[in-house]
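What follows is a single structure, written as structure tokens, with notes after it.
The values are calculated or read from the model by the stated rules, or taken from the named source; none is laboratory data. As the structure is a prediction and not an experimental result, all values here were calculated from the model. All Cβ positions, glycine included, derive from the backbone under ideal geometry; neighbour counts span all protein chains shown.
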Amino acid sequence: MQQFERILLEYFAQDSLIEVGLPDVKYFAGQLNLSPNYLSDLLKRYTGKTTQEHIHLQLIERAKSLLWGSSKSISEIAYELGFEHPSHFTKIFKTKMRKSPKEFRNLN
């Protein structure tokens, strides 16, 4: 668990997410020498969340900090986080936060 959390935090701390894109479950499983299914099963058992949910939660945390701390457009933030399409970023953000990135920014 600790290794996964460390790798996840390091991934999202990179400045090059535009170039490397969003991570997937296979990436983290490979870093830990586990199969993707086994990693998700372990995380689900110990945290109640799948690997993909952990990735999305970290992504949302990074997005919230960018929304609060910069005047960049929502599209610029989406690209900076590694999304190819800003609409995909907005959809994930809205699903997790129950507000669009724009609504979230305007509340804070």
>> Given the criteria surrounded by fewer than 14 Cβ atoms within 10 Å (Cβ to Cβ) and at pLDDT 95 or above, does GLY48 qualify?
In response: yes
> When only residues in region 18-71 that are of a type in the set (S, T, N, Q) and in a helix (DSSP H, G or I) count, which is farthest from GLN3 (Cα to Cα)?
Replying inline: SER65
